[in-house]
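Structure record follows, encoded as structure tokens.
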Amino acid sequence: MPYGSTNIDATVRLKAFEWLEEQCTIYGETLPRTILEKGFLYNETRVPLIGPQGIFIPKVMGKIPLSITTSPNSPYDDEHSSDGFLMYKYRGTDPHHRENAGLREAMLKKIPLIYLSGVVPGKYLPSWPVYIVRDDPSTLTFTVAVDEKHHTIASHGEPVCYDAPVPDEDSKRKYLTIETRQRLHQQRFRERVIAAYREQCAMCQLRHPELLDATHIIPDNEPQGDPVVPNGIALCKLHHAAFDRFIVGIRPDYIIHVRSDILEEEDGPMLDHGLKRLDGQKLILPRTSAHLPDPERLEMRYSKFKSYMVN
């Protein structure tokens, strides 16, 4: 039987999914640990989504975990199986530990969970619903699949219930799980770049992380487009778009240039203050030399920028 919506566990679990949706709207794809620890209220009882251990069961719930968490320091490739699914280690070495038993019961009953992937210390990428699809006591691991956020609503007003995956959706779940891995990859790059630039735009010093992007110097689909900090620059949405579209360029000595036709254009204060004033200014740089933008990559990018210059 698919997981139902007639008990406290189901109600809290589905409220957690809704709460995560709201928090991601506010904070973006990655959530601070402090927010996850605070959680939400259910009947005046605080329900956190994360605890000191990787497998977490809130007190208000029964024996089945609400979430599983990986550390940002985990070896990235070790978290995934050869067929693209997530591999999650047991708590300790006892297959019958209550937390391992809880995940096993979630597998048997097809109960959805939350997967919290550590991006950087203190920040997590949530994925939900996820399901335990295999249990291997010989390697002390569970296999985890990400599923679609589809749901049904009972006609009598019961809480929203996520449907359990069915066998013919296996390829779809593999795709979604691999996509989750890619999102984690992207978010780790973003958080590390923005931290290197002290959570400010390297061109205008805007200090709202929710309005900042980790901009690739060399796009990630090109050679040397590796997701490493020296190939990234923290830019606000405006200056990211301007850099991507070759409206502004950055020389290898970190001097910003604005395209000549833009400098000649007359279009009010936003153009003047937002773009034209950047011409000739120096990029705001990370304090750590290992995080500085790679001059070789900047030279490659600046050569393309010059081809867009209007003589």
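Nothing in this text is a laboratory measurement; each read-out follows from the coordinates by a stated rule. The model shown is predicted, which means the values in this text are computed figures rather than measured ones. Because the Cβ atoms are built from the backbone with ideal geometry, glycine has one as well, and the counts that use them run over all protein chains shown.
One decimal place: the segment Y308-D244 gains 21.8 nm when fully extended, by the rule 0.36 nm per residue minus the C-alpha distance.
Relative to the dominant Cα principal axis of the chain, helix 295-307 is inclined by about 60°. Under a Gaussian network description of the chain, with springs only between Cα atoms under 10 Å, the residue in R134, R104, R188 that fluctuates furthest is R134. Dipole check for the chain: with +1 at the C-beta of Lys and Arg, -1 at the C-beta of Asp and Glu, and the Cα centre as origin, the magnitude is about 800 Debye.
Between the alpha-carbon centres of segment 257-311 and segment 192-208 there is a gap of 16 Å. Rg then Dmax, both in Å and based on the Cα atoms of the chain: 23.3, 73. Per residue, the Cα convex hull of segment 25-135 amounts to 120 Å³. Go ahead and set up a Gaussian network model of the chain, Cα springs under 10 Å, then flag whichever of L14, L271, L140 fluctuates most. It is L271. When the charge dipole of the chain is built from unit charges on Cβ atoms (+1 for Lys and Arg, -1 for Asp and Glu) and taken about the Cα centre, the candidate among I233, F40, T93 whose Cα reaches farthest toward its positive end is T93. Between helix 98-109 and the chain there is an angle of about 90 degrees, using the helix long axis and the longest principal axis of the Cα atoms. Could you identify which residue out of G102, G28, G280 has the top mean-square fluctuation in a GNM of the chain using Cα springs shorter than 10 Å? Taking springs between Cα atoms under 10 Å, the residue moving most is G280.
Hey, what's the Cα Rg ratio for segment 199-307 versus the globular rule of thumb, 2.2 N^0.38 Å? Can you show the working numbers first?
Numbers: Rg = 13.3 Å, N = 109, 2.2 N^0.38 = 13.1 Å.
Expressed relative to 2.2 N^0.38 Å, the Cα Rg reads 1.01.
Of the residues S260, T25, L66, the one whose Cα sits farthest towards the positive end of the charge dipole of the chain is L66 (charges of +1 on Lys and Arg Cβ, -1 on Asp and Glu Cβ, taken about the Cα centre).
With the helix formula -39500 (n - 2.57) applied to DSSP H stretches of n ≥ 4, the chain reaches a computed 222 nm mean residue ellipticity of -10000 deg cm²/dmol.
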